[in-house]
1. Consider the candidate values (1) 287; (2) 115; (3) 128; state which one is volume of the Cα convex hull per residue in Å³ computed from the structure displayed.
2. With everything on Cα atoms, drop me the angle between helix 14-90 and the longest principal axis of the chain, reported from 0 to 90° to the nearest 10.
3. Would you mind getting me the FRET efficiency between Ile181 and Lys117? Use the beta-carbon distance for r and R0 = 25 Å, nearest 0.05.
4. Considering only the other residues whose Cβ falls under 15 Å of the Cβ of Asp175, what net charge follows from Lys and Arg at +1 and Asp and Glu at -1?
5. Using unit Cβ charges (K, R positive; D, E negative) and no other charged atoms, how large, in debye to the nearest 20, is the dipole of the chain about its Cα centre?
6. Heavy-atom accessible area per residue, the chain, 1.4 Å probe: how many Å²?
7. Calculate what fraction, in whole %, of the accessible area of the chain sits on carbon and sulfur atoms when a 1.4 Å probe is rolled over the protein chains.
8. To test your reading of the geometry: what angle, between 0 and 90 degrees and rounded to tens, separates the Cα axis of helix 96-119 from the longest principal axis of the chain?
Amino acid sequence: MSSDGLKLEEFSSAPKAARAKAVGESTLAEAQLASFDKGYREGWEDASRAHADEQKAIGADLARALDDMSFTYHEARRAMLGEMEGLLAGIVGKVLPATVRGSLGPVILERIDAAVKARSEVSVEITVAPENRARLEPLLQGEATIPVRLAEEPSLAEGQAVLRFASAEEIIDLDAVLAGIAEVVEGYFEGQATREG
């Protein structure tokens, strides 16, 4: 046999190296998988935290916006009520008294007609404030359905009249109606101020 003959590879040390290499690759794969799982979990935790923080911020922004809207609503309501109070006070203090002065005659005529229908009254004495006589006399003489006697009483206000029929007496007090309306309006706005305060 010659020395140039067939050379065979020696495997005695190869299996150890191959085994070591296979174990190293397996350990490396496990380590990589563990590292991937850890990164994945940490990513989900970060995303969950970020989402929760974002939801908290959205909730806080919404609460602030609702609070601002509520504050703005109350400011607008208070301003509107302040304007309405002035408007209604002007109506009750200036417009309604003029309207009442003009409606005293028609109210008296309505009461006369109702008394005639209900009690068959045949005449009436009407007592009014002296300043109302000149305005009411032509109306009552022309439109009353029964004879009317008009008298003056200085203690009566412009919105007051006393109707004396044969069987009954009626008092018309439009000034008291106006005072009641003014009281209701004033009470409403005082109640609003108390609720807001």
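1. Answer label, from the structure shown: (1).
2. Relative to the chain, helix 14-90 is tipped by roughly 10 degrees.
3. Computed FRET efficiency for Ile181 and Lys117: 0.30.
4. The answer is -3.
5. 500 debye
6. Per residue, the chain has an accessible area of 71 Å².
7. Result for the chain: 59 percent of the exposed heavy-atom area is carbon or sulfur.
8. Once rounded, one gets 60 degrees.
The values are calculated or read from the model by the stated rules, or taken from the named source; none is laboratory data. The structure presented is a predicted model; accordingly, all values stated were derived computationally and were not measured. Cβ coordinates were reconstructed from backbone atoms using ideal geometry, including for glycine residues, and neighbour counts include every protein chain displayed. The area values use the complete protein model at the heavy-atom level, side chains included, leaving out ligands, DNA and RNA. Shrake-Rupley method; radii C 1.70, N 1.55, O 1.52, S 1.80 Å.
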